[in-house]
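Presented below is the structure to which this report refers.
The values are calculated or read from the model by the stated rules, or taken from the named source; none is laboratory data. Since we're looking at a predicted model, the values are computed, not measured. Virtual Cβ from ideal backbone geometry, glycine too; neighbours counted across all protein chains shown.
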Amino acid sequence: MTLLVSTFYFCYFAIVGIYVIFMPKMFIDIGYSAVDVGIIYAVAPLVRFVIPFIFAKFFTLSRTVFNMALIVMSISTLLFALYLEQFWILLCINVFLGIGMALILPYIEVIALEHIGKEHYGRARLWGSVGFIVVALMLAKISTEIPFILGSLIVTTFATAVVGYVIVRSDSLKQQHAPSATISFSLLSNPWLWVGFFLMQVSFGAFYNFFTIYETSHGVSLEWTVYLWSAAIVAEILLFYFQAPLLRKNLLLLLQFATVITALRWSILWLYPDNLAMLFISQTLHAISFALFHAASISYLYTIYIDKKLAQQFFLGISYGLGSAVGAVGAGLIYEHYPEQLFIVAALVALMAYVALRSSVVYDKRD
């Protein structure tokens, strides 16, 4: 099962790499405006945010739903090639792609934690980071032409669907941990925990959307900026590999620690935007601010909620969905008017996430 889950993460995040790194430029080259691209890319996180609320009310993330999501995701990528130049149809296709990808990852995360365990989860999840960086390097080296990008997207999507289907077929757990969501899950049972997740991802809006622009505007070359991105991915992979002893600790304290380190990381970018040594130090902290925070988050949710799949759906929806959308828009507004203050604001938001997670101790002390 470990090999299958690792392969799934590799393929799934290879899709993300193609979608995030290469497709925005592809849309621009076709003739879409920056606003059009912004709308297209705003849909996915919003879909990811809305989906858990729909499932909490009307559905359960079952094997049947998972397999349907694999089909929806696969068909969506095929339709990209057919309707690439028709904006409204493309937007609808992107909605369905977002639905498919938003449903399959939480299901696999729970299977990974069930079969592999939280201590060894990172060694499977690191292959997602490897898939992301490998596809980026390969496409950049081989070809960034539109047919090759679309072909790579289709191949990686179908590979993800096949591996996902095999995993579910191999999974011997018969949904014994997934009773009715209305009984086992409520955001209001621990609201500050979810506020913390949301704010943490909001703080990342500055990094994910403006790090390259911010650094090159301060005289750092694009080549060195790419090296800085690579350093963050390498640090992330190393943490995933060696994190097992950490995840045996108090997970809520780990989350609080990660938010403080993230605030420090953004402060370094604010104080030393053109100092390569300090920038590389900041990037190595990605191991804690992303990899450790992510692994501790899903592990903590796994321990405190009965309906584990719905909890993972809400985590992805509230943090990487709503948090990403608000973070991107907020960072854009700040950078437009006060570009030099972008990362100190991000640091303050990360500290707010710490305060929220610190408050969540009152609501749940089971970990």
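Points to keep in mind about this one:
- Taking the stretch 13-34 as the range and being among the β-branched types (Val, Ile, Thr), within 13 Å of Ile146 (Cα to Cα) and surrounded by 19 or more Cβ atoms within 10 Å (Cβ to Cβ) as the test, only Ile18 passes.
- Taken over the stretch 49-73, residues that are of a type in the set (S, T, N, Q) and at pLDDT below 80 amount to 2.
- Those residues of the stretch 310-332 which are surrounded by fewer than 19 Cβ atoms within 10 Å (Cβ to Cβ) and at pLDDT below 85, in sequence order: Val329, Gly332
- Residue in the stretch 196-204 that is modelled with pLDDT of 85 or more, touching an Asp or Glu at 6+ places or on another chain (Cβ under 8 Å) and in a helix (DSSP H, G or I) present: no
- In the set (1) surrounded by 14 or more Cβ atoms within 10 Å (Cβ to Cβ); (2) over 20 Å from the mean Cα position of the chain (by Cα); (3) farther than 29 Å from Val202 by Cβ, Leu82 fails one condition alone, (1).
- Scanning the stretch 219-270 for residues that are surrounded by fewer than 21 Cβ atoms within 10 Å (Cβ to Cβ), outside any helix (DSSP H, G or I) and either among the aliphatic types (A, V, I, L, M) or within 19 Å of the chain's Cα centre (by Cα) (or both) gives Val220, Ala244.
- Residue check for Ala277: of a type in the set (A, V, I, L, M), crowded, with 20+ Cβ neighbours inside 10 Å and part of a helix (DSSP H, G or I): no
- Of all residue pairs spaced 6 or more apart or on separate chains, those with beta-carbon atoms under 7 Å, a first member in the stretch 139-154 that is over 13 Å from Ser74 (Cα atoms) and a second member that is polar (S, T, N, Q) and at pLDDT 80 or above are Leu139/Ser152.
- When the test is whether a residue is of a type outside the set (Phe, Trp, Tyr), touching a residue at least 24 places away in the same chain (Cβ under 8 Å), closer than 15 Å to Ser129 by Cβ and part of a helix (DSSP H, G or I), Ser289 passes it.
- Among all residues of the stretch 220-228, there is none that is acidic (Asp, Glu) and touching a residue at least 12 places away in the same chain (Cβ under 8 Å).
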